[in-house]
Amino acid sequence: METANIIVFYLLAAVVAVSSILAVTSKKILRAATFLLFVLVGTAGLYLLLNYHFLAAVQLSVYAGGILVLFIFAILLTKPVIDSVHEEHDRRKSVFGIFTAIAGIALTLFVTLKFKYNYADNTTISGDHEISMKLIGNALMGTDKYQYLLPFEALSVLLLACIIGGILIARKR
């Protein structure tokens, strides 16, 4: 069972890594949104692998279902640029981008190799423990310390503003 989990993890990690690179480097914006969908679904798979069922459901419904659909509507509702002039990139920006990417990869490798992962002590890996929905609901809708009612409401206002912006853009056309 442990070998199967490792194989599934590496498969999902490869899907997320390759799709992330393709989403950033794709020249067609609709393809980039499709690759972003693969990244979000792969991330939900990683959450499922850790037995975070609620987080996986939120990932699929809110991000893959809601935000990505909003991105696609925004892409389809905006006017295409017809007089697209291809301008050369500044060489300094490319060098700085490559340097930043290498620094990020080096930092990630350093932290990953330095930290000792002990899977035997993690009860969520073996599936022995799962947080109840009642506890998650109380944490989301509570106002005490380490409870998230304010960020939850701020996110809903942000999504409402995005929907109104999409409607206004659609009405102008």
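Derivation of every value follows stated rules applied to the coordinates shown; laboratory data play no part. What you are looking at is a predicted structure, and each value in this text was computed from that prediction instead of being measured. Quick reminder, even Gly has a Cβ in these numbers, built from the backbone with ideal geometry, and neighbours come from all protein chains shown.
A few comments on the model shown:
- Rounded to whole numbers, the Karplus 3J(HN,Hα) couplings from phi for region 58-66 are 5, 4, 6, 6, 7, 7, 5, x, x Hz, using 6.51 cos²θ - 1.76 cosθ + 1.60 with θ = phi - 60°, and x at Gly and Pro.
- Whether region 131-173 is rounded, prolate or oblate, judged on the alpha carbon gyration tensor where a/c under 1.5 counts as rounded: prolate
- Here the spin labels are modelled as points 7 Å beyond Cα on the Cα-Cβ line, and at A161 and V8 they lie 3.9 nm apart.
- Residue-wise HN-Hα couplings along region 97-111, as the Karplus relation 6.51 cos²θ - 1.76 cosθ + 1.60 with θ = phi - 60° gives them from phi, are x, 5, 4, 5, 5, 5, 5, x, 5, 5, 5, 5, 5, 4, 5 Hz; Gly and Pro carry x.
- Using a Förster distance of 35 Å, the FRET efficiency for T34-F96 (Cβ separation, nearest 0.05): 0.75
- Overall form of region 1-75 per C-alpha gyration tensor (a/c, 1.5; a/b vs b/c): oblate
- Taking θ as phi - 60° and the Karplus parameters 6.51, -1.76 and 1.60, the scalar couplings of region 33-44 work out to 5, 5, 5, 5, 4, 4, 5, 5, 5, x, 5, 5 Hz in sequence order, x denoting glycine and proline.
- Distance-filtered residues of region 41-72 - backbone nitrogen under 18 Å, label point 7 angstrom along L140 Cα→Cβ: 44-45, 47-48, 51-68
- Listing K145, K28 from fewest to most neighbouring C-beta atoms within 10 Å gives K145, K28.
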